[in-house]
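Read the structure below first, then the notes.
The values are calculated or read from the model by the stated rules, or taken from the named source; none is laboratory data. Note that this is a predicted model, so its numbers are computed, not measured. Please note: Cβ atoms are built from the backbone with ideal geometry, for glycine as well, and neighbour counts cover all protein chains shown.
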Amino acid sequence: MSKWVDEEKYNDFAGKKEQEKEKQESGEGQQGFAKKFRPSMGSAEKPKEYEIRFLPDTDGIFYEEYFYHGFYVGESFKFIGCEKNKGLDKYCPWCGITQILYQGSANDKKKAGDYKRKNRYVGNVYVIDDPRDATIENPEYKNSKSVRLYEFPATVETKLKKEVTDNKNGYGLAVFDPENGYSMLLSIGAKKADANKKVWPDYDQTMFARRQSSIADGAELEEIMAQRYSLGDFIEALMITPDAHRELLKSEMVYEDVERDFELKLGGFNKLTTKDEPAKEPAKAFDPNQNVPPVESKPDMGDDTPTYGAPPPKTPYPIQYGDDMVVDSTGSSALSEDDALLASLRDL
Ligand SMILES: [Zn+2]
């Protein structure tokens, strides 16, 4: 990096621009669903440190895991909710195409790596301290003193889970309590660059505060809690319609590979049967005696497709959704992921 450009200042600048963009887009589609907390990483020597309090959502849900598929179509990054958010037994065409491609050529496997299901966690947080706010003048763009949706990687979830599951020493429910609760001291440093020269965030120093505190009280607390988002609504907003799936599958030229399963399980039963006969009442329960084209028996790997959690695919594009959404790397390689999947296919 040239001495003429200051990386830290740039990160702050980029964060501010992102917030402006977010503001402009508010009210439109999923981008505008909620104000997001998108912490950026510091350096190995100087991690960026944030203080946040996790809060239950409007339905009392503490945080939620969700599945998504994220890949580039030309220049634009598609980020779509996996159908398995509705239940692991549900059919998802992108999980389906992933399984098929993993059994193909090296190129197909690479494509499968792009399409495969990934997971992430989401919860409400009240931002108590964000070091980037110091350089932001307009109070409206500051993160602190506001409730945000935070989409976090498995490494952060591990820290939360530890407090929840450690019955002896964990803080338990108190990590979600705005009063007499414990804040997360989120520390994001930088790992050594990986083989692709990509630097991943390092959450190792993240911990919970040792002392209980209250983020606010009385009317101020009521006001804060009224800013929370519904996690169910958030995940719902990531989902796309069967028609949108179909269009995207076609534009990716993989529609034919999953056509039968897709139309049968998601696209609407009638789509395949109404060609030669007048349309009947809308989709009834599946009746195997109807004249449905035979479905090839394919290994249905749906529920066994490994999810790799946070590790990024070894593609030119790290999993980054939009901007500085930081993704943790636990160092597993694309190769070992392929091996794991192939091994599970063999076990069928
Ligand atoms: Zn899926």
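Out of all the residues in segment 129-179, which are of a type in the set (Val, Ile, Thr), outside any helix (DSSP H, G or I) and within 20 Å of Ala14 (Cα to Cα)? So that I can check it myself, show each step before the final result.
Quick first cut of segment 129-179, residues of a type in the set (Val, Ile, Thr) only: 135-136, 147, 155-156, 158, 164-165, 175.
Restricting the remaining residues to those that are outside any helix (DSSP H, G or I) gives 136, 147.
Answer for segment 129-179, where residues must be of a type in the set (Val, Ile, Thr), outside any helix (DSSP H, G or I) and within 20 Å of Ala14 (Cα to Cα): just Ile136.
Given the conditions (1) under 26 Å from Cys95 (Cβ atoms); (2) surrounded by 22 or more Cβ atoms within 10 Å (Cβ to Cβ); (3) away from the ligand (no atom under 16 Å from the Cβ), report the number of the one that His69 does not fulfil.
It fails just one condition, (3).
Please go through (1) charged (D, E, K, R); (2) within 16 Å of the ligand (Cβ to nearest atom); (3) within 16 Å of the chain's Cα centre (by Cα) for Arg148 and return the number of the only condition it doesn't satisfy.
(2)
Looking at Lys145, Lys116, which is the one that is free of Cβ contacts under 8 Å to residues at least 60 places away in the same chain, among the basic types (Lys, Arg) and more than 20 Å from Pro201 (Cα to Cα)? Step through it out loud before you land on a result.
Numbers: Lys116 fails: free of Cβ contacts under 8 Å to residues at least 60 places away in the same chain.
When all the criteria are applied, what remains is Lys145.
For segment 104-124, state whether one or more residues are of a type in the set (S, T, N, Q), away from the ligand (no atom under 13 Å from the Cβ), farther than 25 Å from Leu149 by Cα and more than 15 Å from the chain's Cα centre (by Cα).
Residues of segment 104-124 of a type in the set (S, T, N, Q): 105, 107, 119, 124.
Going one step further and asking which of them are away from the ligand (no atom under 13 Å from the Cβ), we end up with 105, 107, 124.
So of that shortlist, the ones also farther than 25 Å from Leu149 by Cα come out as 105, 107.
In the following step, the residues that additionally are more than 15 Å from the chain's Cα centre (by Cα) were identified as 105, 107.
Yes, the conditions are met somewhere in segment 104-124.
Among the residues of segment 119-141, how many are surrounded by 21 or more Cβ atoms within 10 Å (Cβ to Cβ) and under 26 Å from Glu247 (Cα atoms)?
Final tally of qualifying residues: 1.
Here's a check for you: in segment 57-66, which residue that is away from the ligand (no atom under 16 Å from the Cβ) and buried (at least 18 other Cβ atoms within 10 Å of the Cβ) is farthest from Ile215 (Cα to Cα)? Even if it seems obvious, please write down each step before you answer.
Quick first cut of segment 57-66, residues away from the ligand (no atom under 16 Å from the Cβ) only: 57-64.
After this cut, where a residue has to be buried (at least 18 other Cβ atoms within 10 Å of the Cβ) as well, the list is 57, 63.
Values: Asp57: 16, Tyr63: 19 Å.
In this case the residue turns out to be Tyr63.
In this structure, does Gly15 turn out to be out of contact with any strand residue (DSSP E or B) (no Cβ under 8 Å at 6 or more places or on another chain), modelled with pLDDT under 95 and buried (at least 18 other Cβ atoms within 10 Å of the Cβ)? Talk me through it step by step, then tell me what you get.
Numbers: out of contact with any strand residue (DSSP E or B) (no Cβ under 8 Å at 6 or more places or on another chain): yes; modelled with pLDDT under 95: yes; buried (at least 18 other Cβ atoms within 10 Å of the Cβ): yes.
Judged against the criteria, Gly15 is a match.
Suppose we filter Glu157, Glu163, Glu179 for residues that are at pLDDT 95 or above and touching a Leu at 6+ places or on another chain (Cβ under 8 Å); which single one remains? Let's see the steps before the verdict.
Working: Glu157 fails: touching a Leu at 6+ places or on another chain (Cβ under 8 Å); Glu163 fails: touching a Leu at 6+ places or on another chain (Cβ under 8 Å).
None of the other options fit; the residue is Glu179.
Residues being over 19 Å from Lys198 (Cα atoms) and either without any contact (Cβ under 8 Å) to a residue 24 or more places away in the chain or assigned to a strand (DSSP E or B) (or both): count how many of those fall in segment 35-51.
Residues flagged as over 19 Å from Lys198 (Cα atoms) and either without any contact (Cβ under 8 Å) to a residue 24 or more places away in the chain or assigned to a strand (DSSP E or B) (or both) within segment 35-51 amount to 4.
Quick check on my filter: what residues within segment 192-209 are more than 19 Å from Ala154 (Cβ to Cβ), surrounded by fewer than 15 Cβ atoms within 10 Å (Cβ to Cβ) and either among the charged types (D, E, K, R) or at pLDDT 95 or above (or both)? Talk me through it step by step, then tell me what you get.
Kept after step one, since they are more than 19 Å from Ala154 (Cβ to Cβ), are these residues of segment 192-209: 192-193, 195-197, 209.
In the following step, the residues that additionally are surrounded by fewer than 15 Cβ atoms within 10 Å (Cβ to Cβ) were identified as 192-193, 195-197.
The answer is Lys192, Lys197.
Quick one: count up the residues across segment 73-89 that are modelled with pLDDT of 95 or more and either away from the ligand (no atom under 12 Å from the Cβ) or surrounded by fewer than 16 Cβ atoms within 10 Å (Cβ to Cβ) (or both).
Of the residues in segment 73-89, 0 are modelled with pLDDT of 95 or more and either away from the ligand (no atom under 12 Å from the Cβ) or surrounded by fewer than 16 Cβ atoms within 10 Å (Cβ to Cβ) (or both).
Is it the case, given these coordinates, that Phe54 is surrounded by 19 or more Cβ atoms within 10 Å (Cβ to Cβ), of a type in the set (Phe, Trp, Tyr), part of a strand (DSSP E or B) and within 16 Å of the ligand (Cβ to nearest atom)? Spell out how you get there, then give the answer.
On the way: surrounded by 19 or more Cβ atoms within 10 Å (Cβ to Cβ): yes; of a type in the set (Phe, Trp, Tyr): yes; part of a strand (DSSP E or B): yes; within 16 Å of the ligand (Cβ to nearest atom): no.
Judged against the criteria, Phe54 is not a match.
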